[in-house]
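Trainee: Pasting a structure below so you can have a look.
The values are calculated or read from the model by the stated rules, or taken from the named source; none is laboratory data. Please read all numbers here as calculations on a predicted model, not as lab measurements. When we count neighbours, we look across all protein chains shown, and the Cβ atoms used for this are built from the backbone with ideal geometry, even at glycine.
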Amino acid sequence: MDFPAFPDTPPLLSSEERNELSQSSCPIKRYKEVIDEKVNAYNELFHDLYPIEKLVKGLSSFFDEVLQAAWVMKGLSDEQHISLVAVGGYGRGELHPKSDIDLLLLIENEATAPKDKVEAFITFLWDINLDIGHSVRTIDQCAEMAKQDITVITNLIESRTLAGPNKLLTELSSKTNIDEMWDGHAFYRAKLEEQKQRHNKYQNTAYNLEPNLKECPGGLRDMQVIDWVAKRHLHTSRLSELIDKDFLSEEEYMQLKGAVSHLWRIRWALHMVVKRKEDRLLFDHQRTLATLFGYDDDDLKRNVERFMQGYYQSVASIQQLNDLLLQHFEESFLSQESIETPKILNDRFQVANGKIEARSATLFQEQPSCLLEVYVLLGTHAEVKEIRAHTMRQIRDNLDLIDDNFKNDKVNKDLFLDIMASRYRLTSILRSMKHLGVLSRYLPEFGAIIGQMQHDLFHIYTVDAHTLQLIENLRRLQLPESKQKFPISSQTIRHIAKVELLYIAGLFHDIAKGRGGDHSELGCVDAQIFCESHGLSKQDTNLIVWLVKHHLIMSVTAQRKDISDPEVIWEFANFVQDQEHLDYLFLLTVADINATNPTMWNSWRASLMRQLYLETRRALRRGLDSPIDAETISDEHKQRAVEIIVERNIDLMEAEELWEQMEDEYFIRSNGGEIAWNTEAILNHSDNSKPLIAITPMGGRNFSGASKVFIYTPISQHLFAATTAIFEQLGLTVLDAKTFNTHNDYSLDSFVVMDSNDNALYQDQDRIDFIRDTLMEQLETPSLYESMIQRHTPRILKMFTSPAEAHFVSQPEEVWSALEVIAPDRPGLLALVSQFFVNNGIMLHKAKIATLGERVEDTFYITEENGDLISDDDRMNEICTLLKEKIDRFSQAMD
């Protein structure tokens with residue numbers, strides 16, 4: 001193809017323009033015209049794929065000329081006691097279309113400062129719409145501030161004089177050099193701590209849904225940290241000088257340069273699209289940028305995922321080299337006295353200062369298996385914390401040795417299994433193997449998911465980051481501090497026979513994502529090939545393959561099915577068959593949910609998983625040929641409620657009289673604690689003409705947010721819709737709901753709700769009182785519920801639109817018909833569906849609400865108004881069609 005002919009340099013000011021802008025009579029309007037014209041020209045060059053380095057440097061040079069012209073125009077060129085200095089990113093000579101132009105007006109002393117001219121100059125820059133950050137300081141003030149503040153000294157490292165005498169900056173530089181303040185080691189330590197705090201702000205991961213391409217781990221700031229430390233410690237002026245100083249190889253430098261260039265192109269495009277300074281890759285921008293970068297086929301979701309995968313791969317490169325170089329710098333600061341005498345581990349490796357290193361520069365070429373053995377030693381020796389920088393480089397330089405012959409060698413297969421059974425720091429090992437490229441060479445299938453994102457709000461990490469986080473979660477379950485948050489999981493994991501089988505299943509559970517098709521089915525094929533080729537027993541292989549194939553079923557069962565139904569439990573118990581499969585699946589599921597999106601693990605999901613696990617374990621102990629019946633469940637729940645009622649000195653006769661008004665299903669679907677709580681609240685309720693509202697936290701205090709709300713009030717066909725609308729307006733998310741009618745025409749509605757901002761309701765009694773008062777007031781006229789829905793759809797949810805889905809699903813025991821609805825998450829959706837049921841002669845008995853990022857996957861347990869099952873095909877099709885149309889119209893109106 002023909003490429004456009006590029007100019008050698010981007011457009012700067014012509015001599016005529018420079019002269020014109022320097023004249024005192026030059027109007028503001030002319031400055032704006034020239035700036036707009038040149039910036040537009042730069043943007044056109046960007047569209048023509050002009051080299052980004054030249055654009056970034058060229059735009060900086062252009063604004064140098066604009067500022068120099070303005071300096072002259074405002075009469076500052078005759079002043080000998082003040083200089084205009086570029087600092088920060090602009091001082092490096094790098095500028096994107098909407099970046100801040102950071103300036104220092106450096107004055108010799110306060111007495112010589114031309115204050116009127118300075119004010120006129122700054123005001124003029126604002127008038128021509130330049131985004132400047134500026135300060136006016138003396139040399140001594142700058143030096144004093146630099147001594148106290150790492151940010152100031154960092155900015156001054158990259159300073160350059162734009163106009164005025166350069167001697168002022170020279171004098172300042174002499175007062176701020178490493179002999180006066182911030183020697184190389186002190187500066188390095190401060191920047192390292194600064195980077196650590198910045199990374200913590202972004203949860204120490206580059207793989208955020210809406211990453212900040214400048215500040216996130218692996219972002220442009222990480223590259224700048226390398227540059228700053230090198231300039232302060234090694235006195236370099238360019239990053240490429242690290243090659244001559246043996247800190248970077250030529251290949252590593254090109255890798256870093258390529259990654260930075262890619263992020264620069266994204267940042268330039270982002271500024272151009274948004275038309276303001278912006279470093280966050282928000283969802284709406286990701287879509288526009290994907291198209292701009294050539295991902296423009298019909299699959300919008302896939303376009304964004306491919307664009308973001310390129311981004312994640314670039315930040316991974318920067319993060320990898322940032323780690324390598326900072327460790328290199330660390331080692332260079334160690335004096336001979338502080339270096340321990342190496343401890344010999346074997347003929348191939350030794351350890352000093354907690355870092356393992358190869359004993360020979362040619363070790364990996366001579367013994368390729370050492371590429372894996374080094375990680376085995378990391379996992380078996382507590383004193384070995386990490387790999388030395390030069391050994392890391394040797395590993396990177398010898399990755400091509402991991403070929404088919406290497407992977408087929410039994411020695412290497414055994415070493416890899418030893419790694420998966422590491423006693424120490426398994427997740428750190430796997431992350432190092434990923435960063436250095438070892439893992440993707442040994443398991444090419446894993447390489448395919450590096451940087452693979454899912455364009456939704458539920459999966460907040462890329463697939464590779466999620467996978468390693470899952471394994472880390474499994475490791476954490478074995479720590480004492482996990483007993484409080486994960487009591488059953490931490491106990492269970494101590495009793496399974498081979499925890500390494502869980503790690504292998506975790507490594508493969510999502511490995512087939514992004515290929516198309518069912519990733520569970522495809523992944524279990526990969527897992528089987530791996531297990532058989534690595535010599536695992538048939539029993540272990542079958543367990544791993546089963547876990548990979550069915551890793552989603554336990555969370556789906558817990559969150560979508562009615563696990564208060566004994567038939568659902570019996571069906572699930574028949575699926576897992578034995579305690580071993582249940583334990584492994586339970587642990588994998590808990591770790592998976594927490595690694596997908598930690599905010600999804602709350603007291604409600606914990607209680608669901610706990611209930612499903614314990615009830616299934618009970619069913620397995622009882623025997624699969626002896627399913628428990630509903631009447632037995634009801635009797636057990638009543639008996640437990642009686643025990644609690646007696647303990648609380650509640651009149652048992654009054655309680656039993658009340659129970660005579662209840663439906664049988666109430667006692668089957670409510671546990672003893674719920675029955676006792678509801679009973680006590682009703683018996684203590686003095687005014688039956690007003691709604692009874694009771695609120696209590698659930699799941700103990702190890703989890704925040706989730707609470708139970710019990711409502712007892714005369715039956716109204718609008719009651720459920722009104723209640724859910726009120727919750728929506730109060731900023732509460734409904735997680736579960738069930739409703740029962742008494743024989744004396746009262747409704748018993750139970751909801752599990754969570755604060756939308758994840759605040760723990762039990763810690764805020766005023767909030768609980770307000771919720772209760774609002775419900776009591778509004779539910780006196782439930783038919784007016786539509787006026788309660790006033791919330792707008794959040795920006796991020798508007799980015800995700802898709803047609804609603806609705807279909808009936810079969811149940812083990814058809815007491816109620818189950819209708820599953822999948823739709824974009826919108827305020828008021830649950831109330832809308834509830835009212836649809838009222839308008840179409842449908843009775844709602846229970847709802848399982850699952851909000852998964854930007855979408856809801858809700859299951860409604862319903863019957864006809866007279867209690868009959870909905871089983872006629874025409875009737876089911878009519879309900880689904882009408883409901884989908886109603887939701888789609890509603891979603892469009894809300895957007």
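Trainee: Given S60, S77, S83, which one is at pLDDT below 95 and among the polar types (S, T, N, Q)?
Mentor: Answer to the selection: S77.
Trainee: If we keep just the residues of segment 168-185 that are assigned to a helix (DSSP H, G or I) and modelled with pLDDT under 90, which is surrounded by the most Cβ atoms within 10 Å (Cβ to Cβ)?
Mentor: G184
Trainee: Separate question: Among (1) touching a residue at least 24 places away in the same chain (Cβ under 8 Å); (2) more than 29 Å from K196 (Cα to Cα); (3) assigned by TED's automatic domain parsing to the domain that holds L220, there is one condition L345 misses while meeting the rest; what is its number?
Mentor: The failed condition is (3).
Trainee: How many of the residues making up segment 121-167 are touching a residue at least 40 places away in the same chain (Cβ under 8 Å), acidic (D, E) and assigned to a helix (DSSP H, G or I)?
Mentor: Residues that pass the stated criteria total 1.
Trainee: Another question, then. In segment 288-341, what residues are touching a residue at least 12 places away in the same chain (Cβ under 8 Å), assigned to a loop (DSSP other than H, G, I, E, B) and out of contact with any Phe, Trp or Tyr (no Cβ under 9 Å at 6 or more places or on another chain)?
Mentor: L334, I339, E340
Trainee: Right, something else. Filter segment 361-405 down to residues that are of a type in the set (G, A, S) and at pLDDT 95 or above, then give me how many there are.
Mentor: Of the residues in that region, 2 qualify.
Trainee: I would also like to ask the following. Just to be sure I understand, how many residues within segment 199-255 are hydroxyl-bearing (S, T, Y) and not in a loop (DSSP other than H, G, I, E, B)?
Mentor: Matching residues across segment 199-255 total 1.
Trainee: Next question, about the same structure. Among (1) farther than 28 Å from E53 by Cα; (2) charged (D, E, K, R); (3) crowded, with 20+ Cβ neighbours inside 10 Å, which single condition is K115 missing?
Mentor: Among (1) farther than 28 Å from E53 by Cα; (2) charged (D, E, K, R); (3) crowded, with 20+ Cβ neighbours inside 10 Å, the lone unmet condition for K115 is (3).
Trainee: Here's something else I'd like to know. Hey, I139 hits all of (1) under 42 Å from the mean Cα position of the chain (by Cα); (2) of a type outside the set (D, E); (3) surrounded by 15 or more Cβ atoms within 10 Å (Cβ to Cβ) but one; which does it fall short on?
Mentor: Unmet condition: (1).
Trainee: Exactly one of (1) crowded, with 24+ Cβ neighbours inside 10 Å; (2) within 18 Å of D583 (Cβ to Cβ) is unmet by R494. Its number?
Mentor: In the conditions (1) crowded, with 24+ Cβ neighbours inside 10 Å; (2) within 18 Å of D583 (Cβ to Cβ), R494 misses (1) alone.
Trainee: Looking only at segment 751-761, decide whether some residue is closer than 29 Å to N866 by Cβ and not small (G, A, S).
Mentor: yes
Trainee: Which residue, of V315, V304, is in contact with a His (Cβ under 7 Å, 6 or more places away or on another chain) and assigned by TED's automatic domain parsing to the domain that holds F247?
Mentor: None of the others qualify; the one that does is V304.
Trainee: Let me ask something else. Between a first residue in segment 1-25 that is modelled with pLDDT under 70 and a second residue that is acidic (D, E), which pairs have beta carbons less than 9 Å apart while being 6 or more apart in sequence or on different chains?
Mentor: What qualifies is F3/D48; P4/D48; F6/D48.
Trainee: A follow-up question, please. Pull out all pairs, ordered by first then second residue, where Cβ-Cβ is under 8 Å, the residues are six or more apart or on different chains, the first lies in segment 228-252 and is farther than 22 Å from A316 by Cβ and in contact (Cβ under 8 Å) with a residue 12 or more places away in the chain, and the second is small (G, A, S) and in a helix (DSSP H, G or I).
Mentor: If the second residue must be small (G, A, S) and in a helix (DSSP H, G or I), the pairs left are R232/G184; H233/G184; H233/S332; L234/G184.
Trainee: Further, regarding this structure: Between Y90, Y31, which is within 17 Å of L125 (Cα to Cα), in contact with a strand residue (DSSP E or B) (Cβ under 7 Å, 6 or more places away or on another chain) and assigned to a helix (DSSP H, G or I)?
Mentor: Y90
Trainee: Scan L882, L830, L852, L844 and give me the residue that is under 33 Å from the mean Cα position of the chain (by Cα) and either modelled with pLDDT of 90 or more or within 26 Å of E571 (Cβ to Cβ) (or both).
Mentor: L852
Trainee: Would you mind stating whether K886 is of a type in the set (K, R), farther than 29 Å from Y461 by Cα and part of a strand (DSSP E or B)?
Mentor: Here the answer is no, as K886 does not meet what is asked.
Trainee: When only residues in segment 624-669 that are part of a loop (DSSP other than H, G, I, E, B), of a type outside the set (D, E) and modelled with pLDDT of 90 or more count, which is nearest to K846 (Cα to Cα)?
Mentor: M662
Trainee: Another question about this same structure. So, of the residues in segment 346-375 that are of a type in the set (G, A, S) and touching a strand residue (DSSP E or B) at 6+ places or on another chain (Cβ under 8 Å), which turns out to be nearest to L415 (Cα to Cα)?
Mentor: The qualifying residue nearest to L415 (Cα to Cα) is A358.
Trainee: Taking the conditions exactly as written (in contact (Cβ under 8 Å) with a residue 60 or more places away in the chain and hydrophobic (A, V, I, L, M, F, W, C)), does V590 satisfy them or not?
Mentor: Yes, satisfied.
Trainee: Right, another one. Quickly run through segment 500-536 and pick out the residues that are in contact (Cβ under 8 Å) with a residue 60 or more places away in the chain, in a helix (DSSP H, G or I) and under 12 Å from A448 (Cβ atoms).
Mentor: Across segment 500-536, the qualifying residue is only D526.
Trainee: Let me ask you something else. Look through T596, T541 and report the one residue that is surrounded by 19 or more Cβ atoms within 10 Å (Cβ to Cβ) and under 28 Å from A737 (Cβ atoms).
Mentor: After ruling out the rest, the residue left standing is T596.
Trainee: Let me ask something else about it. Might you check whether a residue that is without any contact (Cβ under 8 Å) to a residue 40 or more places away in the chain, surrounded by fewer than 16 Cβ atoms within 10 Å (Cβ to Cβ) and either under 16 Å from V56 (Cα atoms) or over 23 Å from the mean Cα position of the chain (by Cα) (or both) occurs anywhere in segment 253-265?
Mentor: Yes; the residues of segment 253-265 include at least one that is without any contact (Cβ under 8 Å) to a residue 40 or more places away in the chain, surrounded by fewer than 16 Cβ atoms within 10 Å (Cβ to Cβ) and either under 16 Å from V56 (Cα atoms) or over 23 Å from the mean Cα position of the chain (by Cα) (or both).
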